[in-house]
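The values are calculated or read from the model by the stated rules, or taken from the named source; none is laboratory data. Note that the structure is predicted; figures quoted are calculated from it, not measured. Heads up, the Cβs are rebuilt from the backbone with ideal geometry, glycines too, and the neighbour counts pull from every protein chain shown.
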Amino acid sequence: MARTKKPLLTKSLIYIILSIYAVTIFYPIFLMLITSLKENKEIFTNPYGLPHVFTLDGYIKLLKISNYGIYFRNSIIVTVTSIFFILVISSLASFAIAKYRFFGKRFIYFYFIAGLIVPIKLGTIGILQTMIKLHLFDNITSLIIIYIAMGIPFGVFILTDFIRLIPEELSNSARIDGCSEPRIFYKIIVPLLQPALAAVAIVNFIPIWNDFWFPLILIRSDSMKTVPLATALLYGQYETNFGLIFAVLSMASLPVIIFYLILSRQFIKGLTAGAFKGE
Amino acid sequence: MVGDRKKLMSSINKKKIRYFIPLFLASGIIIYTIFMVVPILNSMFLSFYTGEGMSTPTEFVGFRNYIRLFTQFPFKDRFINAFWNNVKFFLIVTLIQNVVGFFMAVLISRKFWGNKIFRRISFLPVTLSVLVVGFLFSLMLNPVWGIFDKILEFLRLGFLIRPWLGSTTTALPVIAIVISWQWMGEAILFYMAGIDGIDEEVLEAAKIDGAGPLAEIRYILFPSLLPVIGIVTILIFIGDFTQFDIIYAMATTRGNPTYSTDLFGSLFYRVTFQSAERGGWGMGMGAAVATIMFLIVFIGVIFWLYIFRMKGLKDKEGA
């Protein structure tokens, strides 16, 4: 009797604890999304639950008063371009490190890896000065370059380990057939590398899309703003207009939430791989 | 035949391949060096100059910036204040994320229907921007909308209500809890990966020997998850000692109320990039602050490597 009862009890206890936890995690996000669909009055009269009247007023107003399309476009350009170059540049470097023997190889590898533990934020003064000199201040190109530099250490870290696991025989038989090294990289390594490239892309997506620090320092014009910078400035400007503010916060979050819901397994895999490499 | 092949390979390796190595490495090394390594070194270099405005260093002043930072009003006061706030912030976040993350991971890793859903939900806030999370919680905690206070009243805990972000005693812990809430999913993720790595047979054997769940945690899970505690803690350490977004969103760049939530990240931003009326100290002083932040992170990482990684390497060599 006692034996059958106990597991049931612990099991329901686990469910209860986890459900409470899930609610505390989920509810604030849920609240943000549903409040953005409420009328201004209802936000105060009915703060917790689903709206009685659904409205897109907040979103419509947001699109009217700001150039949200431009901020969104800028964020997409910055994120996609920098991730693309992170993948190309770090897979090339990783290929050289993983497959060739040369002087200073270990040093170069650790030189890259050191960037994993040093936050690039601490170089902001130097970055600002360099960008001013290159006439890239107040231009999203500067953001793209910074994010590429920021993403290379993690890219090299993951991809070098992955390329090492690809059997050398594959490249060697191609070499005997007269295949050049760039062709070996492109025709043999890259196709096999796809899962690792996906992991690097996904892991970089979150910090790049959400970065607020560098736009805050480097961007001034409205036409160059990214979503996080626009979010902060709109929040400061319309703090009392709750309907609008919740639309602003939801708009900044929806792309990552949707992306995560579609790719949550890959997200979790990629991040776990990052933390446990070299253990 | 095999011998020919080997000879052929070695001649190919020697002649043709070398030429491509620098080419493959070049783009990575150049961008990483110019836009990450040099700026960080440049900040250290700048900390020995006055650098009042946005322009290049004006005058070499040796250690003057550091001396001002450590001894003179108001530099010293702001600096020491940010340091202790940051230590407190780090300790609260570390405690919450490790304890709650550990136990949630232990619970979620039990075999039952729906455990993967819990893991996915727990990770959702990690994908949001810190800025959005900060704004969202400011709105929930503020007395105007006050949804958090209303929930407390509903739970008959109304007596707990206080000006969460308006009081110097509660603001910093509340912000630390918000950050812990957001990043908990990451801690759970790492702990679960650690638990997955534990040998099933060890756990089975413990069960057969009659070990209860607490003994299992004490003697098996906890010791095997020590390296994970190390990873979670060092990630929190690096993140918290450069944290800026959450303070900006919940307490402005001044670390309201009265600098009680001012961290190194907000101090660095304010003194370096804002005008003198708004708390700016000039680039040289800002560079000194950044250099100290770098040293703190560096010492933390070395300490972590020494405790966790070196031990791991020695174990590996022994095996």
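Among residues belonging to region B:101-114 that are crowded, with 16+ Cβ neighbours inside 10 Å and within 8 Å of chain A (Cβ to nearest Cβ), point out the one that is farthest from B:Pro223 (Cα to Cα). Let's see the steps before the verdict.
At the first step, the residues of region B:101-114 found to be crowded, with 16+ Cβ neighbours inside 10 Å are B:101-102, B:104-109.
From what's left, within 8 Å of chain A (Cβ to nearest Cβ): B:104, B:107-108.
Working: B:Met104: 17, B:Leu107: 17, B:Ile108: 19 Å.
For region B:101-114, the residue satisfying everything is B:Ile108.
With respect to the conditions (1) within 24 Å of A:Ala149 (Cα to Cα); (2) not assigned by TED's automatic domain parsing to the domain that holds A:Val156, A:Phe212 falls short on a single one, namely (2).
Of the residues examined, A:Thr79 is not one that is assigned to a loop (DSSP other than H, G, I, E, B) and either surrounded by 12 or more Cβ atoms within 10 Å (Cβ to Cβ) or in contact with a strand residue (DSSP E or B) (Cβ under 6 Å, 6 or more places away or on another chain) (or both).
Just checking, does region A:151-164 include any residue being assigned by TED's automatic domain parsing to the domain that holds A:Ser90, closer than 14 Å to A:Ile97 by Cα and surrounded by fewer than 20 Cβ atoms within 10 Å (Cβ to Cβ)? Yes, region A:151-164 contains at least one residue that is assigned by TED's automatic domain parsing to the domain that holds A:Ser90, closer than 14 Å to A:Ile97 by Cα and surrounded by fewer than 20 Cβ atoms within 10 Å (Cβ to Cβ). Residues that are without any contact (Cβ under 8 Å) to a residue 60 or more places away in the chain and assigned to a helix (DSSP H, G or I) within region A:52-64 comprise A:Ile60, A:Leu63, A:Lys64, listed in sequence order. Here A:Asn67, A:Asn74 are screened, and the one residue that is surrounded by fewer than 18 Cβ atoms within 10 Å (Cβ to Cβ) and touching a helix residue (DSSP H, G or I) at 6+ places or on another chain (Cβ under 7 Å) is A:Asn67. Pairing each residue of region A:1-20 that is modelled with pLDDT under 85 with any residue that is surrounded by 10 or more Cβ atoms within 10 Å (Cβ to Cβ), provided the two are 6+ apart or on different chains, yields C-beta distances under 8 Å for A:Thr10/B:Pro213; A:Lys11/B:Phe112.
At least 2 residues that are among the polar types (S, T, N, Q) in each: list the helices (runs of 4 or more DSSP H) lying fully within region A:140-247 that qualify.
Numbers: elements: A:140-164, A:168-176, A:181-184, A:190-210, A:213-218, A:227-237.
By residue number, A:140-164, A:168-176, A:190-210, A:227-237.
Across region B:244-301, what is the total count of residues that are aromatic (Phe, Trp, Tyr) and part of a loop (DSSP other than H, G, I, E, B)? Quick ask: steps written out before the conclusion?
Of the residues in region B:244-301, the ones aromatic (Phe, Trp, Tyr) are B:244, B:248, B:259, B:264, B:268-269, B:273, B:281, B:294, B:298.
Subset that is part of a loop (DSSP other than H, G, I, E, B): B:244, B:259, B:281.
The number of residues fulfilling the criteria is 3.
Here's the yes/no breakdown for (1) crowded, with 22+ Cβ neighbours inside 10 Å; (2) under 30 Å from the mean Cα position of the chain (by Cα):
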{"position": "B:Ala187", "(1), (2)": "yes, yes"}
{"position": "B:Gly194", "(1), (2)": "yes, yes"}
{"position": "B:Glu204", "(1), (2)": "no, no"}
{"position": "B:Ile208", "(1), (2)": "no, no"}
{"position": "B:Pro227", "(1), (2)": "no, yes"}
{"position": "B:Ile234", "(1), (2)": "no, yes"}
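Residues that are in contact (Cβ under 8 Å) with a residue 40 or more places away in the chain, among the aliphatic types (A, V, I, L, M) and surrounded by fewer than 20 Cβ atoms within 10 Å (Cβ to Cβ) within region A:167-200 comprise A:Val190, A:Ala198, listed in sequence order.
Filtering region B:28-48 to residues that are more than 7 Å from chain A (Cβ to nearest Cβ) and either among the basic types (Lys, Arg) or within 16 Å of B:Asn65 (Cβ to Cβ) (or both) leaves B:Met44, B:Phe45, B:Ser47, B:Phe48.
Filtering region A:88-110 to residues that are more than 7 Å from chain B (Cβ to nearest Cβ) and buried (at least 17 other Cβ atoms within 10 Å of the Cβ) leaves A:Ser91, A:Ser94, A:Ile97, A:Ala98, A:Lys99, A:Tyr109. Can you confirm whether region B:127-139 contains a residue that is buried (at least 16 other Cβ atoms within 10 Å of the Cβ), more than 7 Å from chain A (Cβ to nearest Cβ), polar (S, T, N, Q) and closer than 21 Å to B:Ala171 by Cα? Checked region B:127-139: at least one residue is buried (at least 16 other Cβ atoms within 10 Å of the Cβ), more than 7 Å from chain A (Cβ to nearest Cβ), polar (S, T, N, Q) and closer than 21 Å to B:Ala171 by Cα.
Assess whether A:Phe85 counts as being more than 9 Å from chain B (Cβ to nearest Cβ) and out of contact with any Phe, Trp or Tyr (no Cβ under 7 Å at 6 or more places or on another chain).
Numbers: more than 9 Å from chain B (Cβ to nearest Cβ): no; out of contact with any Phe, Trp or Tyr (no Cβ under 7 Å at 6 or more places or on another chain): yes.
So A:Phe85 fails the test.
Candidates A:Ile268, A:Ile208: the one that is at the interface with another protein chain (Cβ under 7 Å from one of its Cβ atoms) and surrounded by 16 or more Cβ atoms within 10 Å (Cβ to Cβ) is A:Ile268.
Out of the residues in region B:140-161 that are hydrophobic (A, V, I, L, M, F, W, C) and at the interface with chain A (Cβ under 10 Å from one of its Cβ atoms), state the one that is nearest to the chain's Cα centre (by Cα). Looking at residues that are hydrophobic (A, V, I, L, M, F, W, C) and at the interface with chain A (Cβ under 10 Å from one of its Cβ atoms), I get B:Met140.
Among the residues of region A:20-36, those identified as within 9 Å of another protein chain (Cβ to nearest Cβ) and polar (S, T, N, Q) are A:Thr24, A:Thr35.
Among the residues of region A:116-134, is any within 23 Å of A:Ala198 (Cβ to Cβ) and more than 7 Å from chain B (Cβ to nearest Cβ)? Yes: region A:116-134 contains one or more residues that are within 23 Å of A:Ala198 (Cβ to Cβ) and more than 7 Å from chain B (Cβ to nearest Cβ). Just one residue in the set B:Thr242, B:Thr272, B:Thr252, B:Thr291 is within 12 Å of chain A (Cβ to nearest Cβ), surrounded by fewer than 18 Cβ atoms within 10 Å (Cβ to Cβ) and hydroxyl-bearing (Ser, Thr, Tyr); that residue is B:Thr252.
Looking at region B:162-179, is at least one residue of a type in the set (S, T, N, Q), closer than 24 Å to B:Phe103 by Cβ and under 30 Å from the mean Cα position of the chain (by Cα)? No: zero hits.
Keeping to region A:251-265, report how many residues are more than 9 Å from chain B (Cβ to nearest Cβ) and either buried (at least 20 other Cβ atoms within 10 Å of the Cβ) or touching a Lys or Arg at 6+ places or on another chain (Cβ under 7 Å) (or both).
Let us first name the residues in region A:251-265 that are more than 9 Å from chain B (Cβ to nearest Cβ), namely A:251, A:254-255, A:258, A:262-263.
Of the ones still in play, those that are also either buried (at least 20 other Cβ atoms within 10 Å of the Cβ) or touching a Lys or Arg at 6+ places or on another chain (Cβ under 7 Å) (or both) are A:251.
Going through region A:251-265 one residue at a time, the tally reaches 1.
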